[in-house]
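What follows is a set of notes on a single structure, which appears directly below.
The values are calculated or read from the model by the stated rules, or taken from the named source; none is laboratory data. None of the values given here were measured: they were computed from a predicted structure. Cβ: placed from backbone, ideal geometry, glycine included. Neighbour counts: every protein chain shown.
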Amino acid sequence: MLVVGLGRFGSATADQLVKQGREVLAIERDPVLVQKWAGALTHVVDADATDIDALRQLGAQEFNSAVVGVGTSIESSVLITVNLVDLGVEHLWVKAITPAHGKILSRIGANHVIYPEADAGRRAAHLVSGRLLDYIEFDDDFAIVKMRPPRETQGFTIREASVRKKYGVTIVGVKSPGEDFTYATGDTKVSGRDLLIVSGHVDLIERFAARP
């Protein structure tokens, strides 16, 4: 995997990829960051990714996927993305600062535009409601959350609680204290100490999570 830019987003992505057993070639212009990550990542190179010849010399064209984490300069982000598209990198995940920046990236060939700050802000806003313990939002306002069970579900099976009929969301998993998560069935009984994995439309999940 090719990662361009070792700021907070790029370095966190590269570090996680290495922990997953992936080989990472990271490209960074700041020598301080190059030195910082040299021992942690597979390969770290001090180079200017806005220069397509530099990318070509590093073998960027041989990568199927790349992450562009450059965020301080929209111009650099766009130039790097164009270079990677021209080199034939098929899957590009590129950090965007603003919606306008993201629109430009999409039009020049970035097939995965990421808004890390905005996504983190939305996630935090949902979590501060109190009952939600984790929150992942997908396209079309669909989400999966980990949450504490509302009182009206406690002591009942999922079938008896009729959550899907009442609220339009689905309890897909239940975790009892000291046990692993298990897939939920209609006969799964919910206790006040359990944790639930719930899927559905964001607005419907919020309505369900707001129940006492």
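A few points about this structure:
- Within segment 176-203, the set of residues being surrounded by fewer than 16 Cβ atoms within 10 Å (Cβ to Cβ) and under 15 Å from Thr153 (Cβ atoms) comprises Ser176, Thr185, Gly186, Asp187, Ser191, Gly192, Arg193.
- Restricting segment 108-134 to residues that are in contact with a helix residue (DSSP H, G or I) (Cβ under 9 Å, 6 or more places away or on another chain) and assigned to a loop (DSSP other than H, G, I, E, B), the residue that is nearest to Val172 (Cα to Cα): Arg131
- Within segment 161-193, the set of residues being part of a loop (DSSP other than H, G, I, E, B) and closer than 21 Å to Asp140 by Cα comprises Gly168, Val169.
- Taking the numbered list (1) within 30 Å of Thr81 (Cβ to Cβ); (2) in contact with a Gly (Cβ under 8 Å, 6 or more places away or on another chain); (3) surrounded by 19 or more Cβ atoms within 10 Å (Cβ to Cβ) in turn, Leu105 passes all entries but (2).
- Scanning segment 35-70 for residues that are of a type in the set (Ser, Thr, Tyr) and either more than 18 Å from Val82 (Cβ to Cβ) or in contact with a Lys or Arg (Cβ under 8 Å, 6 or more places away or on another chain) (or both) returns a single hit, Thr42.
- Taking residues in segment 34-58 that are under 12 Å from Val24 (Cα atoms), and partners anywhere that are of a type in the set (S, T, N, Q), the pairs with Cβ atoms closer than 9 Å and at least 6 places apart or on different chains are Trp37/Ser11; Ala40/Ser11; Leu41/Ser11; Val44/Gln35.
- Scanning segment 135-160 for residues that are over 13 Å from Gly192 (Cβ atoms) and part of a helix (DSSP H, G or I) gives Asp139, Asp140, Asp141, Ile158, Arg159, Glu160.
- Residue within segment 194-205 that is over 15 Å from Ile136 (Cα atoms) and more than 24 Å from the chain's Cα centre (by Cα) present: yes
To keep it simple, each residue is scored yes or no on (1) touching a Ser or Thr at 6+ places or on another chain (Cβ under 7 Å); (2) closer than 21 Å to Phe138 by Cα; (3) at pLDDT 95 or above.
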| residue | (1), (2), (3) |
| --- | --- |
| Ile74 | no, no, no |
| Val78 | no, no, yes |
| Thr98 | no, yes, no |
| Asn111 | no, yes, no |
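- Residues of segment 66-124 satisfying the condition of being free of Cβ contacts under 8 Å to residues at least 60 places away in the same chain and of a type in the set (S, T, N, Q): Ser73, Ser76, Ser77, Thr81, Asn83, Thr98, Ser106, Asn111
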